[in-house]
Amino acid sequence: MSLPEFINDTENQKSETRTKTIQENERDHILAVLKKCNGKIWGPGAAAEMLNLPPSTLKSRMEKLGIKKVFTE
């Protein structure tokens, strides 16, 4: 029984996409929820409710992650 060969190919390594950090994933998720809520942070159907967070916690995380301006689309 032989083991499969592993090829150390730098071309393939360069073409792989970079894995996002936890902070990048959290930022992207918060932005997606804010977009879905039209920028509404607190109240019924707002981002804090959807994320199951107190509004003050959401605002603190937004500041920490550099989410300064809430947009509406």
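Here are some notes:
- Per-peptide packing, taken as the mean over residues of other Cβ atoms within 10 Å, places 34-42, 56-64, 19-27 in the sequence 34-42, 56-64, 19-27 from highest down.
- Per-pair calculated FRET efficiency, R0 = 25 Å: Thr19 and Lys68 via Cβ, rounded to 0.05: 0.45
- In Hz, Karplus ³J(HN,Hα) per residue of segment 20-34 (6.51, -1.76, 1.60; θ = phi - 60°; x = Gly, Pro): 6, 6, 4, 5, 5, 5, 5, 4, 4, 5, 4, 4, 5, 5, 4
Every read-out reported here was derived from the displayed coordinates using simple, explicitly stated rules and does not represent laboratory data. Just so we're clear, the structure is a prediction, and the values are computed from it rather than from any experiment. A quick note on method: Cβ atoms are made from the backbone with ideal geometry, for glycine too, and the neighbour counts reach across all protein chains shown.
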